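Notes follow the structure.
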Ligand code: FEO
C-alpha cells in the first residue's frame, strides 16, 4: 500500500524531529565538553548518535514504502543551560515532546488504516518509554547528590561508562 500524502508528510516531519533531537543532544554534549564534564559529554554524544539512527529508521521506512524523503531545515538548538541537572531536565522535557509526537503519529496511522506504519511505529513507542525512564533515573540521581561537587563528579564518571544504547 502506497503511503498516503498525509502520512508521508508526518513521517518526514518526524525524520526532521529526530535530526533536531540529535542536534539538541550534540549541543548539550558540546557544553559539557567545554565545562569539564567528560562523562556527561560522552553520554550526550552517544544520545545524539542514537537520534541519528532514529532518523535513519524513518528514512529507510519512507523509502521502503515508495515515498520520497524530504529534508527540511533544522532549528538552531539552545547554546547554554544553567547546570548539568538543567540539561537533563531539558532532555526529559524534549523526550516527552517526542513521545507525544510518536503517539500522534500512531493515531494518524490508525485513522488511515495504515497498519504497516503503525507496526513500524511500535518500536518507537517502546523506545520512548525507555528513553523517558533512563532520563528520569538520571534526574533521580541528581536529586540525591544535590549540588555537591563530589556527587556531580561521581555522576559524571558513572554516566561516562554508558555503553551502547
Ligand atoms: Fe528519537 Fe530520543 O527520541
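Brief remarks follow.
- Look at segment 37-54: where a residue is closer than 14 Å to residue 17 by Cα and a partner is at pLDDT below 95 and within 12 Å of the ligand (Cβ to nearest atom), sitting 6+ places away or on another chain with Cβ atoms under 7 Å, you get 50/165.
- Only one of the listed residues (8, 3) is more than 14 Å from the ligand (Cβ to nearest atom), out of contact with any strand residue (DSSP E or B) (no Cβ under 7 Å at 6 or more places or on another chain), in a loop (DSSP other than H, G, I, E, B) and closer than 20 Å to residue 105 by Cα. That residue is 3.
- Scanning segment 113-131 for residues that are in contact (Cβ under 8 Å) with a residue 40 or more places away in the chain and more than 9 Å from the ligand (Cβ to nearest atom) turns up 114, 116, 117, 120, 123.
The values are calculated or read from the model by the stated rules, or taken from the named source; none is laboratory data. Owing to the predicted nature of the structure, the values given are computational and were not obtained by experimental measurement. Note that we place each Cβ from the backbone using ideal geometry, even for glycine, and neighbour counts take in every protein chain shown.
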